[in-house]
Amino acid sequence: MCGIVGGIAERNLVPVLLEGLRRLEYRGYDSSGIALLDSESKINRVRSIGKIKKLESKIKQENNEFKGNIGIAHTRWATHGIPSEKNAHPHICNNKVAVVHNGIIENYQILKNEQLASGYQFTSETDTEVVAHAIHQKLEKTDDLLQAVTQSVSEFEGAYALGVISISDPDTLIAARNGSPLVIGVGIGEYFIASDVSALLPVTQRFIFLEDGDIAKISKENVQIYDANGQAVERAIKQSSLSATAVELGGYKHYMHKEIFEQPQAVADTLEGRISQQHVLLSSFGHDAEAIFKKIEQVQIIACGTSYHAGLVAKYWFEDIIGMPCQVEVASEYRYRNPVLQDHTLIVTISQSGETADTLAALQQIKKKIGQVFNKNDGKLTIPTLAICNVAESSLTRESDLIFLTQAGPEVGVASTKSFTTQLVSLALLIASIGKAKNTLDIEREALIVKGLQKLPNLITKVLSHETIIEKVAEDFADKQHALFLGRGTMYPIAMEGALKLKEISYIHAEAYPAGELKHGPLALIDEKMPVIAVAPLDDLLEKLKSNLQEVKARGGQMIIFEDEDSNISSEQGMKVIKATTNVGRITAPIVFNIALQLLSYHVALIKGTDVDQPRNLAKSVTVE
């Protein structure tokens, strides 16, 4: 959620830190700030609520006096304490130590009480201020900043990524992570830290990915990393394939719009090297994937938000296409109950960032249980884990046995678009691969699935060509406050995703229902003020859906229907029909129809005048509970 940037160099870091913060705006934030050590080793700080441009404006008012070659910066998404300048990071303790923090210190109240008793004063409502005070307390006994941070983090419970500077050690930047992502950017005679690589692409493409428990001491000359046990360790320097321009708008007004139109290429990139002629390549999921898939008897999908909806679509596919039981659960619920783990279950976690706190915690809980049963049963438990993710060096991928990268490329808009589409493509490949390994998918059906996936880029492009029509339909929502989405079969989770997108970026209250559930309550909501959006592919449930639509029509409901060209639903009074696509199958249909709902939500948001890329109260990567 929050974004961290920092660095140590020979040059003035203000431009680098500001650009890094701009590149982290997509994560969601309500305030920002920068702290620097100046040439006299004094900590200077500027903070502001609102957009980064307000922070930049305040810095310019400093008349070029605000500069330094070691500093930390932050975009804050409020957890403890309202959005305000006093709650913005960095936090400073007694003009000696400055801290930026992503995560939540769960035992902060206990620490705060102890620090108050010791005479420390608090100027904010945040949990982060206890971090600054704790480090300062240790610095009263040592001038070694690394030692002070190491001692302090041992007292913290919860998740954190930290950037720390201090006048007691003015040539050192400390970075620490536990449960929240943090990377080190490697330059020439300079080093940087950030919550993700996108923030640092203008200055480097070489990165060190810190692991949980790592603490790094960073100077201009080198980086020393210590693991959770205090042992010096080497972490590999990896070259990023991303370019600085990969996360720029180009000719688009919003990142979400750009990313919607990048989906044909994102699908092609996800399929590249994963299919060959008429076959799926099982090795795409790992060199031992085939042996693992042969042994599994059911699938458990765990995810949050949009990724959860992708899992719900896959549940239909697993059971319908290869006859394999599949359960899907919201990670934040799964991790706080006591789930029964069944042998020969493939655990599939899905996350765009690979840092989603609840999904990661659920996976760690499962691995802990597997270890306990493993010890009791002499290693006879078979519960492999697979991460479907868009970030290669994420926590989720490092925790999993098998990894499948979606190849969506950078996604900046908070509302997920191309990540969702590529997750669905990835799940389709998974289903075909498992079916192939277990001989529950014959050669002809495998070829049919591959052929359908190969058609997807063109099918998506065709839907995108209807943008002008969808933009016109969006005008009907100018005065609307509520909407109802309907779907049957795989289109029900697509309706759920459509409702989520609309509420995320236009702030219209939207719900999704299986169309067959109308008579069990939702019909009471239908009137001329409640638009009903339905998805009508040409499938076995079409006639049932048509009957449901007549129920809406009979009650004066205003309907918008996205249909297959051959579904034969005609536009009439109170019913607008958009022929979104044709020639789609049970796998391609949900993927293709979702594109139309993305465009609808985008254009409704434009009409409503909301912040499309950074909707209020939301963050791109939910790295805290």
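The values are calculated or read from the model by the stated rules, or taken from the named source; none is laboratory data. These numbers come from a predicted model, not from an experiment. Please note: Cβ atoms are built from the backbone with ideal geometry, for glycine as well, and neighbour counts cover all protein chains shown. Note: areas computed on protein heavy atoms with side chains; ligands, DNA, RNA excluded. Shrake-Rupley method; radii C 1.70, N 1.55, O 1.52, S 1.80 Å.
General observations
- Note on the stretch 157-253: with charges restricted to the Cβ of Lys and Arg (+1) and Asp and Glu (-1), its dipole about the Cα centre is near 340 debye.
- Computed over protein heavy atoms with a 1.4 Å probe, the accessible surface of the stretch 402-451 works out to 28 Å² per residue.
- Compactness of the chain, taken as the C-alpha radius of gyration over 2.2 N^0.38 Å, stands at 1.01.
- In degrees, nearest ten, helix 491-506 long axis to first principal axis of the chain (Cα): 50
- Electrostatic dipole magnitude of the chain [Cβ: Lys, Arg +1; Asp, Glu -1; Cα centre; debye, to 20]: 420
- Lys418 accessible area, 1.4 Å probe, all protein chains in place, Å² to nearest 10: 10
- Shape of the stretch 242-396, Cα gyration tensor, a/c cut at 1.5: prolate
- Nonpolar atom fraction for the chain, defined as the carbon and sulfur part of the 1.4 Å probe accessible area, stands at 47 percent.
- Computed over the stretch 83-212, the ratio Rg/Rh where both radii use C-alpha atoms and Rh is Kirkwood: 0.97
- Using the Karplus relation 6.51 cos²θ - 1.76 cosθ + 1.60 with θ = phi - 60°, the per-residue 3J(HN,Hα) values for the stretch 407-414 come to 6, 6, x, x, 10, 9, x, 4 Hz, with x marking Gly and Pro.
- Computed from backbone phi, the HN-Hα couplings of the stretch 257-267 come to 4, 4, 6, 4, 7, 7, 5, x, 5, 4, 5 Hz, rounded to whole numbers (Karplus: 6.51 cos²θ - 1.76 cosθ + 1.60, θ = phi - 60°; Gly and Pro given as x).
- Ranked from largest to smallest solvent-accessible area, with a 1.4 Å probe on the protein heavy atoms, Glu211, Glu140, Glu504, Glu411 come out as Glu140, Glu211, Glu504, Glu411.
- When +1 charges are put on Lys and Arg Cβ atoms and -1 charges on Asp and Glu Cβ atoms, the dipole computed for the stretch 390-500 relative to its Cα centre reaches about 380 debye.
- Contour minus Cα-Cα distance for Thr123 and Glu248 (0.36 nm per residue): 41.3 nm
- With a Förster radius of 30 Å applied to the beta-carbon distance between Lys455 and His482, the computed FRET efficiency rounds to 0.25.
- For Asn107, nonlocal amide neighbours, meaning residues 5 or more places apart or on other chains whose placed amide H falls under 5 Å from its own, are Glu157.
- For the stretch 133-196: rounded, prolate or oblate by the Cα gyration tensor [a/c cutoff 1.5]: oblate
- For Cys2, the residues whose amide H sits under 5 Å from its own are Trp77, Gly103, ignoring neighbours fewer than 5 places away on the same chain, with H placed 1.01 Å from N.
- Karplus 3J(HN,Hα) series, Hz, for the stretch 155-165 with 6.51 cos²θ - 1.76 cosθ + 1.60 (x for Gly, Pro): 8, 8, 10, x, 10, 7, 10, 10, x, 9, 10
- Per-residue ellipticity at 222 nm from helix content only, as computed over the chain with -39500 (n - 2.57) for each DSSP H run of at least four residues, stands at -11000 deg cm²/dmol.
- Subtracting the Cα-Cα distance of Asn94 and Gln327 from 0.36 nm times their residue separation leaves 78.6 nm of extension gain.
- Relative contact order (%) - criterion: Cα under 8 Å, at least six apart; region: the stretch 33-96: 41
- Asp479 contributes an accessible area of around 120 Å² to the protein surface, as traced by a 1.4 Å probe with all chains present.
- Here the average projected area of the convex hull drawn through the C-alpha atoms of the stretch 344-452 stands at 8.0 nm².
- Label separation (Lys294 vs Thr468): 5.6 nm, computed from points 7 Å beyond Cα along the C-beta direction.
- Projecting the Cα atoms of Ile321, Phe562, Ile494 onto the charge dipole of the chain, computed from C-beta unit charges around the Cα centre, puts Phe562 farthest toward the positive end.
- Ranked from largest to smallest solvent-accessible area, with a 1.4 Å probe on the protein heavy atoms, Tyr492, Tyr191 come out as Tyr492, Tyr191.
- Per residue Cα convex hull volume in Å³ - calculated over the stretch 2-98: 87
- Dipole of the chain [Lys/Arg +1, Asp/Glu -1 at C-beta], most positive-end residue of Ile237, His254, Ile110: His254
- Selected from Ser195, Gln263, Ile607, residue furthest toward positive end of dipole (the chain; charges at beta carbon): Ile607
- Near the amide H of His74, within less than 5 Å, lie the amide hydrogens of Val5, Gly33, all on another chain or at least 5 residues away, with H placed in the peptide plane.
- Normalised contact order of the stretch 21-169, rounded percent, pairs of Cα under 8 Å and 6 or more residues apart: 25
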